[in-house]
Structures are given as C-alpha cells and as structure tokens.
Amino acid sequence: MAIPQEFLSELRDRCDITSLISGYVNLKRAGTNYKGLCPFHSEKTPSFTVFPDTKSFYCFGCQAGGDAVTFVRLAERLDYIEAVKFLASREGMTMPEDGAVDGLAKAKMRVREQNRIAARFYYHQLYSPGGKEALEYLYGRGLTDATIGKFGLGWSPNGYDQLCRLLLSKGYREDEIIAANLGVKRNGRLYDFFWERIMFPIIDLQGSVVGFGGRTMKKDHGGRKYVNTDGNSLVYKKSENLYGLNFAKDSKEGSLVVVEGFMDVITLNQAGFDNIVASQGTAFNDTMARLAMRYSKDKRIILSQDGDAAGQNAIRKSIPILKNAGADVRVLSIPENLDPDEYIRKYGADRFRGLLNSCLSDIEFEMSRIRERFDITTDDGKLKYLNAICPLLGELTKLEREVYAGRVGKELDIDKAAIISQIESGDRKRRYEQKRSQLKAMEAQSSGRDDKLNPQRREHIRATAAEDSLLTALFYSPDKAKHIREKLPPEKMVTDFNRRLYTITLDIIDSGQELSVGTLSSKLTPDEAGAVSRLFNAGLGGMTGLDNIDFYIDIILGEAQKLSADEIAGSSPEALLAMINAQRKKKD
C-alpha cells in the first residue's frame with residue numbers, strides 16, 4: 001500500500017528517535033548526541049551514535065544507519081510497511097486506508113489462518129482415540145488438561161492427508177498449504193507435513209500461531225526427535241522467536257529465564273514460573289537478546305541449559321550477546337545434570353526457586369569453568385589458571401576487578417596487587433591491538449576494499465570521495481541544488497550508487513519535501529540508508545560553500561587536478577579543503 005508523505009512526515013516528527021532506540025540500547029550522552037554499544041554487531045567499545053538533530057543513527061563499526069523506520073526494520077526484522085505500522089502504533093497514529101490490501105500482508109494473514117485451523121485440528125486429535133497414547137505420555141510427564149489447553153498441545157495423526165484435506169475444504173490452495181509448512185507434495189500428491197507427533201504450537205506476541213514443533217514418541221521415526229516449521233517462513237523466524245514469551249511478557253517476575261526446550265517451559269509454567277522462555281535449540285543471537293531484554297523488568301536474564309558440554313558451550317556463547325544488549329546475566333546451575341523439567345518433577349517448585357535465587361553471575365560462571373581446567377594445588381596449575389583468568393578480569397570495571405582479583409588472590413594465596421598488575425599489562429596489549437585493528441579498518445574503508453554498496457570506489461577513490469562530499473554538501477544546502485544540477489547532470493556521476501543517491505536527492509528537493517535521512521531512507525534499503533546516515537552526519541561545517549562545491553564537481557567531471565588516491569583520505573571533507581587551498585596557492 002502507498003503511504004502518503006504527509007503521514008510519514010508527521011510520524012517522523014512525532015517519533016523521538018532517542019527514546020525509541022533507548023528501548024533497545026543503553027545510550028549515554030556524548031555532547032549533543034548519544035552513544036552506545038551497537039545492537040547489530042558485537043562490540044566492546046561503543047561505536048553506535050544517535051543524532052537527535054537529524055533524527056538518525058549510525059554505527060561506525062558495521063555501517064548500519066538511517067532513520068527511526070530503518071532502525072525498526074533492522075531491530076525487528078520487518079519490511080518497510082510493517083516498520084511504519086510498528087512506529088505508527090507506538091506513536092498512537094492510525095495508518096491511512098487506501099482500500100488496497102498489501103499482497104505480502106494478505107499472504108501472511110492466510111498462513112496465520114491456516115495455522116489457527118491446524119492448531120485446533122491437532123488439539124482435537126489429541127483427545128480422540130488416535131491420540132490416546134500421546135495424551136497418556138503428556139499425563140506421564142505430569143501435565144494437566146489445563147496446561148495442555150493453555151499451550152494448545154496436540155497430536156498429528158498418521159492419516160497422511162487429513163489436515164490438508166481439511167484446509168482444502170476451507171478454500172486454501174495447495175501452494176498456500178505448502179507455504180504454511182503444513183503440507184508437502186510427493187509424487188504429485190499433497191501430504192500432511194506433520195504426522196504421528198506431539199504438536200507444540202508456537203505463538204507470537206500478538207497471540208497468533210506462527211508455527212509448530214512436532215515431537216515423536218518413537219525412536220525409529222525418521223531418526224529425528226523433532227520436526228519443526230521452516231525457521232524462515234512468511235510469519236515465523238526461528239532466530240527471532242522465544243517460545244513461551246507470549247506468556248512470559250505478562251509475568252510479574254523481574255527476570256526472564258531462558259531454557260532449552262518446549263517441555264522445560266511448559267512444566268515450569270505449570271509449577272508457577274511464568275517467566276520462562278526457550279530458544280528452541282537454536283543459538284542465542286542479538287535479536288533474541290533484544291527481545292528478552294524488552295520483556296525483562298529488571299533486565300536480568302537467567303540462562304539454564306543442559307549440563308553437557310554442548311549446553312555449557314551455548315551458555316558461554318550467549319553471555320556476551322546478552323551483555324552487549326545490557327543484560328545482567330546469571331547462570332542457573334542444576335544439580336545432577338538434570339533438565340529444569342526433570343528437576344522440578346523430582347524435587348518440586350520450592351527447591352527450584354532456591355536454585356533461581358542462588359544463580360551465579362556471568363563472571364562467577366566463567367571463573368568456575370576456567371578453574372575446572374587446572375589443578376590449583378600445584379604452582380604450575382596456579383600460573384596457568386592466572387594466565388587464563390586475567391583476560392577475563394580485564395573486561396571488568398575497576399571496582400569489579402578489585403573484588404574478583406581479591407577473591408582469586410585469597411584462593412591462590414597470591415598478593416592481589418600482583419594480579420591487578422598482570423591484568424593492567426594485558427589491558428595495554430589489548431589497547432595496542434585494538435588501535436592496530438581500527439587503523440586497518442580505516443585504511444580498508446578509505447581504499448574502498450570493504451565498500452560493498454559502492455564497489456566502484458576501489459577504482460575511483462578520488463572521484464568517489466568528491467561525490468560523497470558533494471552529496472553531503474547538497475544534504476546540508478539543498479538551496480544550492482539548482483547550481484549543482486546545472487554544473488553536474490546525474491549521468492556525469494562516476495559511481496552507480498552515488499548517481500542513484502544523487503538522483504533521488506534531487507527528486508526529493510524538486511517535490512518540495514523536506515530533505516532528511518527519513519525521506520531518503522524511505523526510498524532505500526536499510527544498508528543504503530546507513531550510507532546516507534553517515535554522509536548526513538558528517539558534520540561538514542563550512543564545507544558547503546560554492547567554492548568547495550565547484551571543486552568537488554571539477555574532480556567528478558574530469559579529475560583535472562590529477563590528484564592521486566593517496567592525496568585524498570577517504571571521503572574526508574577536511575582533506576578536500578586542504579587540497580582546495582593547495583590549488584589556490586599554485587594559482588597565486
């Protein structure tokens with residue numbers, strides 16, 4: 001559907017981008033802007049900046065950037081229309097109706113309708129004679145009828161095509177049934193995708209069934225314990241979903257507990273713990289971390305995985321991702337290597353509550369795992385333990401270092417000051433390596449080696465730098481558009497990407513719209529919007545005068561000055577100004 005520009009302008013005006021992004025990122029004031037750890041890639045030093053004046057954001061690490069709509073697209077993994085609807089709802093605005101139904105939105109609606117029908121079908125099958133064995137299995141796991149109903153558990157029968165025939169009778173086409181992951185075609189015939197499995201509906205935050213997990217009770221059922229809906233379907237993204245969050249979001253508990261499987265969530269919920277979610281066996285990622293943080297009232301996330309090596313490794317990988325999102329991470333250690341589901345059935349809710357109240361901090365967890373690797377009763381073991389633990393302590397605040405270094409010192413009978421000195425020595429080495437890495441990244445960016453949006457930069461460094469500076473000048477001084485267009489028609493731009501950006505910018509100015517990151521981003525992909533945000537927030541200052549603009553144009557038109565790539569430091573306007581002055585001196 002086409003969205004009127006008036007509506008989009010009002011939405012941009014209403015939306016406080018700093019407030020919006022603060023719901024995802026811990027921001028700290030930096031002059032007139034705000035900085036924080038980027039939510040779109042892992043980092044320890046903040047490179048993510050919000051610019052309230054231009055209502056935009058930009059990450060100098062991963063080059064993500066744009067306006068509020070772009071941020072929502074990236075953070076929530078939505079398309080443009082969905083992101084606008086998300087923001088409109090947040091700002092209390094009603095989306096304009098134009099009588100048209102977006103094709104993608106209709107397709108998604110049809111999938112959700114089928115999933116709702118399928119969930120009811122599976123639930124009724126569970127209580128039919130054919131589902132008796134499955135129902136007895138769930139009873140044997142301690143589940144009540146109320147819990148089964150609450151989570152909508154069901155049974156997919158071995159009727160080959162019972163569900164498909166039901167969906168066809170309700171007017172859904174074969175291709176729609178296949179797209180919903182409820183049917184599969186073999187040898188020209190449509191069959192049910194799930195059969196002879198206990199069914200776990202996956203429900204989103206709006207209460208819609210978006211997918212299913214199917215668990216077999218037979219060891220020889222195709223060799224797979226679980227068969228799930230495609231993790232990248234129209235309405236379900238496995239990597240962006242936490243099972244049970246539709247209930248946990250309303251919990252009065254402050255923290256959120258992340259477990260591994262469906263049954264852990266269901267059993268703990270039945271026992272009175274309604275703040276439980278599961279990552280459904282997939283690796284925890286940035287999107288899941290932001291999702292968990294949004295619904296954790298005290299920003300505390302408790303990780304509980306299986307006690308085997310794979311489970312412990314999953315915890316280690318999840319900790320930095322959650323900390324990057326601003327979480328207070330805790331680790332639940334369950335005795336006897338039991339699953340949460342097994343533990344609560346064996347020892348009860350009170351004992352499990354006690355475990356939750358005595359969780360290890362993320363640092364204590366890492367320290368305990370490192371300690372297990374060494375025999376600290378020997379001098380050699382102590383040294384190896386210290387060499388392994390100091391880099392971990394080096395990531396902490398000064399106060400935290402004092403506390404944990406003192407604890408390690410007492411444990412090993414070593415002076416705390418010696419441990420602090422070793423940590424600081426490691427700090428200096430890390431800072432040196434970090435500086436080297438940043439310099440290499442800057443060199444790669446200025447040379448165009450890492451510019452995926454504008455790969456032509458590599459062959460035309462000088463012209464592309466001038467194009468970038470000209471575009472930035474145009475952003476800051478749209479009143480000079482007529483002068484610029486007369487001297488530089490769009491077809492004279494050297495690189496394809498900048499030519500397209502130049503054309504779009506001139507079109508916006510000609511239409512009388514406000515030229516902003518938002519109006520530009522609405523016509524670009526999220527990656528392209530990042531490039532616009534970088535240029536728009538370049539802070540040109542006095543670099544928009546006609547002398548400067550004409551110089552940029554001269555470089556683009558003919559590269560008459562024969563400047564080498566080394567004479568231009570990437571797209572730095574300051575470097576170009578120095579060249580202007582140098583050219584003037586030559587003329588004098």
Over region 147-166, the set of residues over 35 Å from the mean Cα position of the chain (by Cα) and outside any helix (DSSP H, G or I) is Pro157, Asn158, Gly159, Tyr160, Asp161
Out of the residues in region 174-204 that are free of Cβ contacts under 8 Å to residues at least 40 places away in the same chain and β-branched (Val, Ile, Thr), which is farthest from Gln114 (Cα to Cα)? Val184
Matching residues, region 348-376, being touching a Pro at 6+ places or on another chain (Cβ under 9 Å) and free of Cβ contacts under 8 Å to residues at least 40 places away in the same chain: Leu355
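From the list Phe86, Phe121, pick out the single residue that is on the phi < 0 side of the Ramachandran plot and outside the structural domain of Phe40 (by TED's automatic domain parsing). Write out each step before concluding.
Working: Phe86 fails: outside the structural domain of Phe40 (by TED's automatic domain parsing).
Within the list Phe86, Phe121, the selection yields Phe121.
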Every residue from region 277-292 that is surrounded by 16 or more Cβ atoms within 10 Å (Cβ to Cβ) and without any contact (Cβ under 8 Å) to a residue 60 or more places away in the chain: Val277, Ala278, Ser279, Phe284, Met288, Ala289, Leu291, Ala292
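Just to be sure I understand, how many residues within region 8-21 are loosely packed, with under 15 Cβ neighbours inside 10 Å and either outside the structural domain of Lys35 (by TED's automatic domain parsing) or in contact with a Gly (Cβ under 9 Å, 6 or more places away or on another chain) (or both)? Walk me through it before giving the result.
Going residue by residue through region 8-21, those that are loosely packed, with under 15 Cβ neighbours inside 10 Å are 10, 13-14, 16, 19.
Cutting the leftovers down to either outside the structural domain of Lys35 (by TED's automatic domain parsing) or in contact with a Gly (Cβ under 9 Å, 6 or more places away or on another chain) (or both) gives us 14.
The total comes to 1.
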Within region 461-517, restricting attention to residues that are hydroxyl-bearing (Ser, Thr, Tyr) and farther than 27 Å from Leu8 by Cβ, which residue is surrounded by the fewest Cβ atoms within 10 Å (Cβ to Cβ)? Thr495
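Which residue out of Gly171, Gly207 is free of Cβ contacts under 8 Å to residues at least 12 places away in the same chain, small (Gly, Ala, Ser) and in a loop (DSSP other than H, G, I, E, B)?
Numbers: Gly207 fails: free of Cβ contacts under 8 Å to residues at least 12 places away in the same chain.
Of Gly171, Gly207, the one residue that is free of Cβ contacts under 8 Å to residues at least 12 places away in the same chain, small (Gly, Ala, Ser) and in a loop (DSSP other than H, G, I, E, B) is Gly171.
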Of all residues in region 172-189, which are of a type in the set (A, V, I, L, M, F, W, C) and buried (at least 18 other Cβ atoms within 10 Å of the Cβ)? Ile177, Ala179, Ala180, Leu182
So the helices (runs of 4 or more DSSP H) completely within region 486-588 holding 2 or more residues that are of a type in the set (Lys, Arg) and at pLDDT 80 or above are 496-511
Looking only at region 210-231, and only at residues there that are assigned to a strand (DSSP E or B) and surrounded by 17 or more Cβ atoms within 10 Å (Cβ to Cβ), the one that is farthest from the chain's Cα centre (by Cα): Arg215
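The values are calculated or read from the model by the stated rules, or taken from the named source; none is laboratory data. Being a predicted model, the structure only gives us computed values, none of them experimental. Cβ coordinates were reconstructed from backbone atoms using ideal geometry, including for glycine residues, and neighbour counts include every protein chain displayed.
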